[in-house]
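Heads up, the thing below is written out as structure tokens.
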Amino acid sequence: MFRFAHNNLNVLDLERSKKFYEDALDLHEVGGIDGGDDFKIVYLGDSFNSHHKLELTWLAEKKTPYDLGDNEVHLAFTTKNFDAAHARHEKMGCICYENKEMDIYFIEDPDGYWLEVLPEG
């Protein structure tokens, strides 16, 4: 009955975040809402045209980093070429946690959100 539409992350620097998600996870802008000087929303999608999107929200009034608390909530991404993805993220310097026994690792975006990367399947 329901279809998952998007996840939202609030960001301080929209352009920096868009570049990070494009460079790190091949996500690209597929739409958005321009709230003028007050806010901007950008929807990012993958090259598979998945229904699910990542929504980045920039709020003009927010000037300090978001308090992510314990940051236990995260988004997960799969990849067919885990080794190449790991090498890419290692080169970017964004790997923040790794569990080799479980074949997973996490990268951290510019605002401190953790993103899990695991092999497809």
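A few notes on this one:
- Helix 82-92 axis, angle to the chain major axis (alpha carbon atoms, nearest 10°): 50 degrees
- Under the Karplus curve 6.51 cos²θ - 1.76 cosθ + 1.60, θ = phi - 60°, whole-Hz ³J(HN,Hα) for the stretch 47-57, x wherever Gly or Pro sits: 6, 8, 6, 4, 5, 6, 10, 9, 9, 9, 10
- Summed over qualifying helices (DSSP H, 4 residues or more, each -39500 (n - 2.57)) and divided by its residue number, the chain shows a 222 nm mean residue ellipticity of -6000 deg cm²/dmol.
- The apolar share of the surface of the stretch 1-91, taken as the fraction of accessible area on carbon and sulfur atoms (1.4 Å probe, ligands and nucleic acids excluded), comes to 51 percent.
- Karplus-derived 3J(HN,Hα), 6.51/-1.76/1.60, for each residue of the stretch 19-35, Hz, glycine and proline x: 5, 4, 5, 6, 5, 7, 10, 6, 8, 10, 5, 10, x, x, 9, 9, x
- The heavy atoms of VAL73 offer some 120 square angstrom of accessible surface to a 1.4 angstrom probe.
- Sites listed here are GluC sites (Glu not before Pro) in the stretch 32-121 whose DSSP assignment is loop and whose Cβ has at most 14 other Cβ atoms within 10 Å: GLU61, GLU72, GLU120.
- Principal axis dimensions, largest first and in whole angstrom, of the chain by Cα: 46, 35, 28
- Amide H contacts of GLY32 (H built 1.01 Å from N, under 5 Å, at least 5 apart or other chain): TYR43
- Accessible surface area normalised per residue over the chain is 66 Å², counting heavy atoms of protein chains with a 1.4 Å rolling probe.
- In the chain, excluding the sites themselves, the longest stretch lacking any of the chymotrypsin sites (Phe, Trp or Tyr not before Pro) that are in a DSSP loop with at most 15 other Cβ atoms within 10 Å is 67-121.
- Residues whose placed amide H lies under 5 Å from that of PHE77, excluding near-sequence neighbours: GLU116, VAL117, LEU118
- Considering only beta bridges that DSSP places wholly inside the chain, some 65 percent are antiparallel.
- Contact order relative to length of the stretch 22-121, as percent, for alpha carbon pairs under 8 angstrom and 6 or more apart: 21 percent
- Student exercise, the chain dipole from Lys, Arg, Asp, Glu Cβ charges, in Debye to nearest 20: 260 debye
- Across the options ASN49, LEU27, TYR66, the greatest Cα extent toward the positive end of the charge dipole of the stretch 1-88 (unit charges at beta carbon of Lys, Arg, Asp, Glu) belongs to ASN49.
The values are calculated or read from the model by the stated rules, or taken from the named source; none is laboratory data. What you see is a predicted model, and the numbers here were worked out from it, not measured in a lab. Methodologically, a virtual Cβ is constructed for each residue, glycine included, from the backbone with ideal geometry; neighbour enumeration extends over all protein chains shown. These accessible areas exclude ligands, DNA and RNA; they are computed on the full protein's heavy atoms, side chains included. Shrake-Rupley method; radii C 1.70, N 1.55, O 1.52, S 1.80 Å.
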